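**Q** Supplied in structure tokens, the structure appears directly below.
The values are calculated or read from the model by the stated rules, or taken from the named source; none is laboratory data. Quick caveat: nothing in here was measured; it's all calculated off a predicted structure. So basically every Cβ, Gly included, is an ideal-geometry build from the backbone, and we count neighbours across all protein chains shown.
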Amino acid sequence: MAVREERQEAIVSIRNLKKTYRTEDGDKLALHDIDLDIAQGDIYGIIGLSGAGKSTLVRCINGLERYDEGSLKVDGRDIADLSTKELRKARRSIGMIFQSFNLMPSRTVAGNAELALLDSGLDREARASRVKELLGLVDLSEKAQSYPNELSGGQKQRVAIARALANNPSILLSDEATSALDPNTTKSILKLLKHLHDTLGLTIIIITHQMSVIKQICNRVAVIEHGTIVEEGKVFDIFANPKAPLTQAFVATTSNLGKINDLIEDHSPLVDLKSGQVLLRMKYISKEVSEALVSHISRSFGLDVNIIFGDIDIIDNAPLGGLVVILEGPADRSQAAIEYLKSRNIGIEVLAQ
């Protein structure tokens, strides 16, 4: 019997969402048949290629775009039913950060962080206190009087995050916020977002075209293609067993296990098999695997196991990825070892023998 996943109540609930743009060349269907539940406390990734509808979807969530059909509820209230005043209030609980930072060059770091507080009703002293607190949260206290042109890209994004948090939102939307950053800076920004999620209790929705971002921080992911969701689920499950072709292509960008195909095609001496050898690709497909499987099959089945290369990461506290290995020994023992590995929830692909 399947174990039902326990999740918090949905803070964003979307049903049958449809959005069409009217253009000179006719109607363009941007979103259709979108069904999503984003639970309170999720770090939820939405990934797709350019033009897939990711940014349109996130703009619908914060009311910057009106949708044509369906429902989109945030904290139980449908965005389409809100008056202008109510929508403005709702947006105060939804912070947003962008790829381009959107900072005002004429204002200091503190001044940019304060922008979101100018219509909050707080007096100058209270705003200054809140700005000091915000800059401390994003590790930029010493840059309060600096200007955006004096900052690195990562520092600019930290200012944008501080501004997005100004009104104590319950949801933080990140629209390609790390796409313009180098890998090390991206890692630091994602680490900051995870820290803010854990300490402030935020629900974070991350729009990206990079599966590596999903892998580093998200607990769930939806894959969007041509305006609709083609696959959705827990990040570990999606990486371990991607079903949609687009998802498979995205997952492949985060692993080097596919390199074995090039080695075989190029007749590399690394995969030039001798009699009694079997070339395998082993993939972790279950969170329950924690055994030292390579040494176990070597000892138990009397085989030599040569690891050609591997790519193993940790997602949700479990190993994910795999190894490419050559088994050497009697055929019946190699087959028995393969059957054993399958019984231990290891995905096995015999590449050559």
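**Q** Scan region 323-353 residue by residue and report those that are charged (D, E, K, R), within 34 Å of the chain's Cα centre (by Cα) and closer than 20 Å to Val271 by Cα.
**A** Glu349
**Q** Please enumerate the residues belonging to region 283-305 that are surrounded by 14 or more Cβ atoms within 10 Å (Cβ to Cβ), modelled with pLDDT of 90 or more and not β-branched (Val, Ile, Thr).
**A** Correct list: Ser298, Phe301, Leu303.
**Q** Which ones in region 107-133 are outside any helix (DSSP H, G or I) and in contact (Cβ under 8 Å) with a residue 40 or more places away in the chain? Show your work before the answer.
**A** Residues of region 107-133 that are outside any helix (DSSP H, G or I), as a first pass: 107-108, 118-123.
Within region 107-133, Arg107, Ser120 qualify.
**Q** Name the residue that is farthest from the chain's Cα centre (by Cα), counting only residues in region 36-61 that are farther than 12 Å from Lys19 by Cβ and part of a loop (DSSP other than H, G, I, E, B).
**A** Looking at residues that are farther than 12 Å from Lys19 by Cβ and part of a loop (DSSP other than H, G, I, E, B), I get Gly51.
**Q** From the list Leu64, Leu29, Leu72, exactly one residue is at pLDDT 95 or above and not in a helix (DSSP H, G or I). Which is it? Full working, then the answer.
**A** Numbers: Leu64 fails: at pLDDT 95 or above; Leu29 fails: at pLDDT 95 or above.
One residue alone meets the criteria, Leu72.
**Q** To continue, here is another question. Going through region 240-259 one residue at a time, which ones are more than 22 Å from Ile308 (Cα to Cα), of a type outside the set (S, T, N, Q) and touching a residue at least 24 places away in the same chain (Cβ under 8 Å)?
**A** If we filter region 240-259 for residues that are more than 22 Å from Ile308 (Cα to Cα), which is where we start, we get 241-250.
So of that shortlist, the ones also of a type outside the set (S, T, N, Q) come out as 242-246, 249-250.
Scanning region 240-259 gives Leu246, Phe250.
**Q** Follow-up question, since we're still on this one. From Gly121, Gly153, which residue is in the same structural domain as Leu193 (by TED's automatic domain parsing), at pLDDT below 95, closer than 25 Å to Ile204 by Cα and not hydrophobic (A, V, I, L, M, F, W, C)? Working first, answer last.
**A** On the way: Gly121 fails: closer than 25 Å to Ile204 by Cα.
Being in the same structural domain as Leu193 (by TED's automatic domain parsing), at pLDDT below 95, closer than 25 Å to Ile204 by Cα and not hydrophobic (A, V, I, L, M, F, W, C) holds for just one of Gly121, Gly153, which is Gly153.
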